[in-house]
Every structure is written in structure tokens, then in C-alpha cells.
Amino acid sequence: MPIDQAELGRRIRQAREACGMTQEEVAERLGVSRPTVAQIELGNRAVSSLELDKLAYLFARDIREFLADEFAENEVVRALFRSHREASEEGFNEALRECIALGKELTRLEELLGMDRTFSGVAAYPLPAPKSKWEAIQSGAQVAREERRRLGLGAAPVGDLVHMLEGQGIRTGTATLPDEVSGLTISDSRIGLFVVNNRNHAHAPQRQRFSWCHEYAHVLLDRHAVGLISRTTDRSNLIEVRANSFAANFLMPEEGVAQFLAALGKGAPSRVYAEVFDEAGVLPVDSRTEPGTQEIQLYDVVQLAHYFGVSVQSALYRLRNLRLITQSELEQLKAQDEQGDSKEIARLLGVLEADSAEHGAEFTRRFLGLALEALRREEISKGKFLGLARMVQVDEAGARSLLERSGLDEGEADDVFAPAM
């Protein structure tokens with residue numbers, strides 16, 4: 001049953017308020033006056049299709065939601081926009097819109113292609129919220145050990161984290177976010193489980209690996225939260241402490257670190273004392289290592305970090321938490337790293353960094369691959385494809401060239417509104 005103008009206006013107002021936006025902000029984005037927005041919300045002024053398309057993007061909604069029989073409050077939008085509004089620096093809300101839009105479009109493409117992605121099989125650890133930092137650290141480490149056991153990882157390094165997440169039904173993506181934001185997690189019936197990494201951190205692949213694990217912790221432990229943004233300013237928040245603890249333990253398990261150091265002839269205690277019992281009595285065994293032989297050097301840390309795919313600083317703090325180096329050793333090694341010694345050691349040892357653009361490019365390929373197939377099956381129009389390409393930073397010339405090379409550019413009209421990015 002078609003809705004009337006008054007009902008459409010009411011829905012627009014409700015969507016605006018869910019985002020915590022003012023009528024002035026909406027008016028500026030639409031290029032109209034504030035009284036015009038007020039009249040739209042009162043149902044006294046008609047809304048054009050183009051305006052409704054812009055409003056849908058602005059409020060992180062699907063345009064079809066405004067015209068459906070029922071209009072439900074969007075919990076993801078409220079969770080991400082309202083609870084994090086105090087941190088909405090310039091471009092922050094725009095980044096959230098991009099992430100939500102990406103998740104919805106990815107979900108829609110998979111639905112159009114008959115791909116049934118369910119996250120009912122993704123593990124969940126419904127632990128109570130931690131009451132202290134120590135409890136947060138302990139529970140994060142505990143869940144990391146259990147999850148590695150569940151996945152059969154043993155003490156080995158984690159391979160391709162994106163493939164691991166995708167293999168469990170968790171959608172992954174990259175988006176341009178403010179530098180203080182490492183990523184975000186969305187858990188929504190319309191989108192599914194969707195974790196996003198900051199595209200601006202592509203120059204630091206080890207940081208992005210840590211972020212994937214951090215968001216994975218939120219999927220496992222905080223799914224009820226609907227939407228969570230991970231920011232450096234919130235690092236003392238107990239659920240963020242727990243997620244960081246999970247990431248450190250998941251990427252660098254204690255047993256794996258010990259095995260790797262043992263292979264380097266390091267990590268053994270300076271003294272080992274034991275008593276061996278047999279029927280004749282007790283035989284004491286007292287063994288000491290040569291002084292200085294077990295001291296961990298920067299070149300050891302560089303190799304350890306490379307093996308587990310983490311940054312040198314992450315490896316250093318993990319070694320400290322495992323009490324394999326002292327606080328003074330940590331400070332000394334950290335200072336060496338900060339002055340560039342670890343990068344030069346890595347270069348001379350032939351330790352290559354991961355491709356910094358690897359997942360960003362992979363996500364673009366996968367997203368556009370789905371869009372091409374949807375276009376080939378005539379599930380979307382060429383205009384819609386061009387809009388989707390813009391969402392992943394592919395300009396119109398590149399998108400049209402892709403269509404031509406794929407044999408899908410038959411000159412049809414660009415007749416569908418593209419996302420207003």
C-alpha cells in the first residue's frame with residue numbers, strides 16, 4: 001500500500017533524528033533552506049526521487065525503506081551515529097555512512113546472486129562485561145586461546161586473516177576512516193556481520209592485521225552491541241582493552257613465541273633446577289646457561305615480528321607481557337626500533353613487508369566482481385554499477401573501461417540513481 005506524503009515526512013524526520021542530525025545540517029547537504037526541510041518533515045512539501053536518494057544515503061538507509069509498508073528504527077544507525085557523536089570530527093559521520101552503505105550494498109549484491117551468507121555458525125563467547133583492566137586482559141587472553149583451539153591453529157602463526165573471517169561468514173571491507181579509528185564492527189540482521197578496516201592504514205599492514213583481530217574480538221564477544229567503533233581515544237575502555245588483549249594473544253600465542261625463540265637458541269631460563277627421583281633416592285639437577293646467551297636482541301625481535309605478521313612494537317610488548325624481557329630491555333629495544341634500526345635490520349635480513357594494499361585491492365576486486373555478475377544477470381543497471389564502482393574509489397572512466405573489457409557495455413541508459421557518495 002503506497003504511503004502518503006505526511007507519512008514519508010514523518011519517516012524522514014525519524015531517520016534524521018536517529019542520526020543525531022539537525023535540520024540545518026540536512027538542508028546544507030540537500031542544498032535547500034532549513035524551512036524547506038521542516039516542510040518536508042511535516043508532509044507539506046513533496047520530495048523528489050533525487051532528494052529521497054540523497055536523504056537515504058545521508059541517513060545510512062536504503063531508499064526502499066522509506067517506501068515500504070513498515071518503517072522500523074535502524075539500530076545500527078542509532079548505535080554508530082548517536083553513541084559516537086561526541087567524536088564526530090570532520091568527515092567522521094561521512095565515513096560511517098560509507099561503511100554502512102558498503103555493508104548494505106555488499107549484502108544486496110550477494111542476495112541478488114543467490115549467495116546465502118549466514119553467520120549462525122560464527123562462534124560467540126557471551127562473557128559478562130569485564131569489571132577491571134586485569135579482568136579484561138585475562139578474559140581476552142582466555143578467549144584467544146579457546147578460539148585458536150577451536151580453529152585448530154595450534155601454536156602456528158595465523159595466515160590470511162581476511163580469508164579466515166570470510167570463511168566463517170563474516171563480511172570484511174575497507175573504508176576511509178579518520179586516522180584515530182582503526183576499524184568498526186557491525187552486527188545487524190540486514191547487513192550481517194561486517195568488519196571494516198581503515199583504508200588509510202594500508203601503509204602499515206601489521207597494524208591492519210592487528211585491527212582485523214581486534215574487530216574479530218568484538219564479533220566474538222560484543223555482538224549484542226550492534227555497532228562498535230574502535231578508536232585510539234577509547235583504548236582505556238574495558239571492552240577495548242579486552243579486544244586488544246585478544247588480538248595480541250591470538251596473533252602471538254605464548255607457546256608459539258616460546259617455540260620460535262627456542263629455535264633461535266633464546267628464551268630459556270638462566271637456571272633450571274629439578275630433582276629426579278628413582279628407587280635409589282633423589283638426584284638433584286642444577287643447570288645454568290652461559291651469562292648473556294639468552295638476552296633477546298633487536299634482530300631476534302625483527303624475525304619474531306615477521307614470523308607472526310605483527311609490528312616490532314607489538315612483538316616487544318608481547319615479549320614484555322610474557323616476561324621474556326625486562327622493562328629496561330623493552331625501553332632499550334623500543335628506542336632502537338624508533339630510530340629506524342629494526343627496518344634496516346629487516347632489509348638486510350631480507351625480511352619483506354606484506355603488500356600494504358593487499359586487502360584493499362582484494363576487497364575492490366571482490367566487490368566489483370559481484371557487481372559485474374549482477375549486471376550480467378540484469379539484476380542491476382549500468383548506472384547502478386557505476387555508482388557501486390565509485391563507492392570503492394574507481395572513477396567513471398575506469399568503471400566504463402572495465403565494462404567494455406568485460407563485454408558488458410552495450411550502451412544502455414544509466415537509468416538508476418547512483419549512491420550519493
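The values are calculated or read from the model by the stated rules, or taken from the named source; none is laboratory data. Here the structure is a predicted model, which means the values were calculated and not measured. With ideal geometry, Cβ positions are generated from the backbone for all residues, glycine too; neighbour counts draw on all protein chains shown.
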Legend entry - Failed condition for ILE170, given (1) modelled with pLDDT under 85; (2) under 16 Å from GLY227 (Cβ atoms): (1)
Legend entry - Among the residues listed as LEU106, LEU127, the single one being surrounded by 15 or more Cβ atoms within 10 Å (Cβ to Cβ), in contact with a Ser or Thr (Cβ under 6 Å, 6 or more places away or on another chain) and not hydroxyl-bearing (Ser, Thr, Tyr): LEU127
Legend entry - Checking ALA413 against (1) modelled with pLDDT under 90; (2) at positive phi, the condition it does not meet: (2)
Inset, instruction - Just give me the residues in the range 23-49 being surrounded by fewer than 18 Cβ atoms within 10 Å (Cβ to Cβ) and under 29 Å from the mean Cα position of the chain (by Cα), in sequence order. - result: GLU25, ARG29
Inset, instruction - Those residues that are touching a residue at least 60 places away in the same chain (Cβ under 8 Å) and of a type in the set (Lys, Arg), I need them from the range 127-180; list them, please. - result: LYS131, LYS133, ARG145, ARG148, ARG171
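Determine whether GLY169 is at positive phi and outside the structural domain of TYR307 (by TED's automatic domain parsing).
Here the answer is yes, as GLY169 does meet what is asked.
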Inset, instruction - Of all residues in the range 188-214, count the ones that are at pLDDT 85 or above and either at positive phi or among the polar types (S, T, N, Q) (or both). - result: 6
Inset, instruction - May I ask you to verify whether VAL122 is at pLDDT below 95, closer than 18 Å to PHE250 by Cβ, among the hydrophobic types (A, V, I, L, M, F, W, C) and in a loop (DSSP other than H, G, I, E, B)? - result: yes
Legend entry - Pairs with Cβ under 7 Å, 6+ apart, first in the range 1-26 and within 18 Å of ARG97 (Cα to Cα), second of a type in the set (S, T, N, Q): ALA18/ASN74
Legend entry - Among the residues listed as ARG11, ARG16, the single one being in contact with a helix residue (DSSP H, G or I) (Cβ under 8 Å, 6 or more places away or on another chain), surrounded by 18 or more Cβ atoms within 10 Å (Cβ to Cβ), at pLDDT 90 or above and not acidic (Asp, Glu): ARG11
Legend entry - Selection from the range 162-199 of residues that are among the small types (Gly, Ala, Ser) and under 13 Å from ALA101 (Cβ atoms): GLY173, ALA175
Legend entry - Residue among LEU52, LEU80, LEU58 that is within 31 Å of the chain's Cα centre (by Cα) and at pLDDT 85 or above: LEU52
Inset, instruction - Please work out if ASP179 is surrounded by 15 or more Cβ atoms within 10 Å (Cβ to Cβ), more than 11 Å from the chain's Cα centre (by Cα) and at pLDDT 85 or above. - result: no
Inset, instruction - Inspect all residues belonging to the range 220-228 and state whether any of them is surrounded by 22 or more Cβ atoms within 10 Å (Cβ to Cβ), within 10 Å of the chain's Cα centre (by Cα) and modelled with pLDDT of 90 or more. - result: no
Inset, instruction - Can you confirm whether the range 140-151 contains a residue that is closer than 29 Å to LEU102 by Cα, buried (at least 16 other Cβ atoms within 10 Å of the Cβ) and of a type in the set (D, E, K, R)? - result: yes
Legend entry - Condition check for GLY173: assigned to a loop (DSSP other than H, G, I, E, B) and either among the small types (Gly, Ala, Ser) or buried (at least 16 other Cβ atoms within 10 Å of the Cβ) (or both): no
